[in-house]
Amino acid sequence: MKRGELAKNTGCNIETIRYYENIGLLNDPPRNHSGYRIYAQDDRKRLRFILRGRELGFSIEQLRGLLALVDGGRYTCAEVRDLTGHHLNAIGEKIADLQRLEKTLAKTYAACDSRQVPECPVIDALFEGT
C-alpha cells in the first residue's frame with residue numbers, strides 16, 4: 001500500500017508517517033518501479049503500535065525503547081513491564097500535579113465574586129504566583 005493508503009487505513013496524518021520515518025521509528029519502506037513507497041502489513045502494524053503508544057502517553061524515546069526490544073526479538077515480559085512501570089509512575093506524578101493545580105485554581109476561582117471592579121483574585125494570584 002502507498003503512504004496515503006497507510007494514512008487512511010490507520011487514521012494517521014501523512015506528515016506524521018513521514019516524521020516517524022525520519023526519526024527512525026518506522027523503517028523506510030522499499031519503493032516500487034514508479035518510485036512510490038510501498039508499505040507492508042508489518043509497517044501498518046508497527047504504525048498502529050506507535051499510535052497506540054502515543055495515545056497511552058509514551059514518549060518517542062520510550063517507544064523507541066519498546067520497539068528496540070521488539071526488533072531484537074528477545075524481549076521478556078519483565079523488561080516490557082519494567083518500562084511500562086516507569087511510565088505508569090510518571091503518569092501518577094502528573095495526575096498528582098494536576099490535582100494540586102486544580103485545587104489551587106478552584107480556590108482562586110472561588111475567591112472571585114465576579115463584581116464589575118478592577119480587583120480580581122485570579123489576576124492577583126497570577127501576578128503573585130500563589
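Values in this text are rule-based calculations from the coordinates and carry no lab data. What you see is a predicted model, and the numbers here were worked out from it, not measured in a lab. Here the Cβ is made from the backbone with ideal geometry for all residues, glycine too, and neighbour counts use every protein chain on show.
Restricting to Cα atoms and excluding each atom paired with itself, what does the Kirkwood estimate give for region 3-75 in Å?
Kirkwood hydrodynamic radius for region 3-75: 12.8 Å.
Over the chain, the alpha carbon radius of gyration divided by the compact-protein estimate 2.2 N^0.38 Å works out to 1.63. Shown for the chain are the DSSP H helices of 27 Å or more along their axis, judged by Cα atoms, with a mean Kyte-Doolittle hydropathy of at least -1.0: 77-111. From its DSSP helices (H runs of at least four residues, each -39,500 (n - 2.57)), the chain gives a residue-normalised ellipticity at 222 nm of -22000 deg cm²/dmol. Per-residue packing, averaged as other Cβ atoms within 10 Å, sorts the ranges 92-100, 77-85 into the order 77-85, 92-100, beginning with the highest.
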